[in-house]
1. What number of residues within the stretch 258-274 satisfy the criterion of being part of a loop (DSSP other than H, G, I, E, B) and under 28 Å from the mean Cα position of the chain (by Cα)?
2. Where the second residue is within 8 Å of the ligand (Cβ to nearest atom) and polar (S, T, N, Q) and the first is closer than 17 Å to Ser238 by Cα and lies in the stretch 271-282, which pairs have Cβ atoms under 7 Å and are six or more apart or on separate chains?
3. Pairs needed: first member in the stretch 195-209, assigned by TED's automatic domain parsing to the domain that holds Ala221; second member anywhere, in a helix (DSSP H, G or I); C-beta distance under 8 Å; at least 6 residues apart or different chains.
4. Which one of the conditions (1) more than 29 Å from Gly89 (Cβ to Cβ); (2) buried (at least 24 other Cβ atoms within 10 Å of the Cβ); (3) free of Cβ contacts under 8 Å to residues at least 40 places away in the same chain does Leu146 fail to meet, given that it meets all the rest?
5. Evaluate the stretch 255-269: report whether one residue or more is more than 20 Å from Gln131 (Cα to Cα), in contact with a helix residue (DSSP H, G or I) (Cβ under 9 Å, 6 or more places away or on another chain) and within 10 Å of the ligand (Cβ to nearest atom).
6. For the stretch 296-331: of the residues being assigned to a strand (DSSP E or B) and of a type outside the set (Lys, Arg), which is farthest from the ligand (Cβ to nearest atom)?
7. Take the residues in the stretch 152-184 that are in contact with a His (Cβ under 8 Å, 6 or more places away or on another chain) and without any contact (Cβ under 8 Å) to a residue 60 or more places away in the chain; name whichever of them is nearest to the ligand (Cβ to nearest atom).
8. Out of the stretch 282-295, which residues are buried (at least 19 other Cβ atoms within 10 Å of the Cβ) and either out of contact with any strand residue (DSSP E or B) (no Cβ under 6 Å at 6 or more places or on another chain) or not in a helix (DSSP H, G or I) (or both)?
Amino acid sequence: MRHLRVVAARHGGPDVLEVIEEEVPEPGPGEVRVKLLAAGVAFGDIMWQTGKVPGSPKPPYTPGYDLVGTVDRLGPGTTGFDEGQRVMGLINYGGYAEHVCAPSDKLVAVPDDLDPSILACLPLNYLTAYQLFRRVGKLERGKRVLVHGAAGGLGSAALDVGRLLELEMYGTASAPKHELVTSLGATAIDYRSEDFVERINDLTGNGVDLVIDHIGGAHLARSFATLRPGGRLIMTSSYASVRGEQSTAQALLGMLRVGLWNALPNRRSAQLFDIVALNKKHPEWYREDLLALTGFLAEGKLKPVIAERFPLDQARQAQERVLAAEARGKVILIPQLGA
Ligand SMILES: NC(=O)c1ccc[n+]([C@@H]2O[C@H](COP(=O)([O-])OP(=O)(O)OC[C@H]3O[C@@H](n4cnc5c(N)ncnc54)[C@H](OP(=O)(O)O)[C@@H]3O)[C@@H](O)[C@H]2O)c1
């Protein structure tokens with residue numbers, strides 16, 4: 001049987017993606033072959049493709065952090081799943097393919113009656129948001145958060161989870177995306193025309209309890225300035241340097257500053273966050289939290305925002321939308337439109 005798979009042929013942007021047709025792979029020991037229903041497209045996929053991020057896979061490889069699909073075949077010795085069962089998982093790369101051989105410990109079973117594209121929002125963005133707020137920040141109801149890029153994939157997920165946890169939320173975004181930010185329960189701040197540090201100070205009086213900063217570099221110091229005493233800055237990425245808006249040196253300096261702020265006695269803390277590293281350290285949280293999020297979704301307590309669905313063979317166009325910051329919510333790849 002043959003299938004389509006997207007390959008990042010070399011280091012670079014969306015233009016390095018190629019679609020190949022090949023024999024469907026056989027699952028190895030401990031693996032499950034999943035027939036794709038939906039795969040997420042993330043800015044993180046593009047970051048890894050650049051090859052500038054430590055630990056990124058060597059080309060040629062298939063990008064795709066997260067996927068939802070149907071169990072198609074079990075590898076030798078693999079247990080815990082049945083053929084035909086619906087699953088989702090955060091596999092870090094490999095999701096952009098019609099059939100994916102994934103380690104069984106990265107998959108969780110999900111109900112058949114939930115939309116696969118909606119479910120595909122959970123493994124990367126919703127899990128990151130949930131673990132940032134619950135596991136790392138230990139935020140209780142009423143705590144204040146500032147989410148940058150609040151209308152993006154991770155940003156919109158963070159607001160949806162924050163609404164569930166009844167947090168007081170502020171979100172930066174470009175003006176055309178404010179309606180979405182407001183509809184998710186946050187106060188929108190236009191980072192292009194307003195000074196977000198001043199705005200947060202005016203709106204809250206003494207700052208926020210937690211700020212999520214994916215921009216990196218010099219932006220981190222401004223995020224740190226929005227914290228109230230006891231507050232925490234969490235750096236998730238160096239987005240601006242990948243988009244060429246800051247140099248690699250500025251991004252590295254930003255990371256060093258995070259370490260320095262944490263070491264200095266300033267009644268505020270700062271740290272880096274990586275969902276992949278946290279999953280490795282706490283595999284039990286991974287399963288527990290993904291199942292909790294699936295439950296909230298089934299109960300109608302979460303409303304993931306899909307920006308657009310692209311057929312798999314248009315992965316390049318899908319990534320271009322994300323890189324250009326044109327998407328509102330999460331971009332999804334599906335095997336074929338209407339499937
Ligand atoms: N560390 C982790 O574990 C982890 C997990 C998930 C994601 N991430 C990181 O999170 C970031 C977002 O990923 P994504 O997939 O959600 O990307 P995305 O959908 O493209 O969202 C990024 C958003 O940032 C906004 N933005 C751009 N410049 C901004 C600025 N200066 N201030 C505020 N907002 C700005 C963009 O729209 P507008 O400019 O139009 O508002 C866009 O909506 C990536 O860098 C990714 O690597 C990290």
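The values are calculated or read from the model by the stated rules, or taken from the named source; none is laboratory data. Please read these numbers as outputs of a predicted model, since none were measured by experiment. Because the Cβ atoms are built from the backbone with ideal geometry, glycine has one as well, and the counts that use them run over all protein chains shown.
1. Final tally of qualifying residues: 3.
2. Final answer for the pair search is Phe273/Thr236; Ile275/Thr128.
3. Within 8 Å, the pairs are Phe196/Arg222; Val197/Arg222; Gly207/Ile200; Gly207/Asn201; Val208/Ile200.
4. (3)
5. no
6. This residue is Pro311.
7. This residue is Thr172.
8. Those that are buried (at least 19 other Cβ atoms within 10 Å of the Cβ) and either out of contact with any strand residue (DSSP E or B) (no Cβ under 6 Å at 6 or more places or on another chain) or not in a helix (DSSP H, G or I) (or both): Tyr286, Asp289, Leu293, Thr294.
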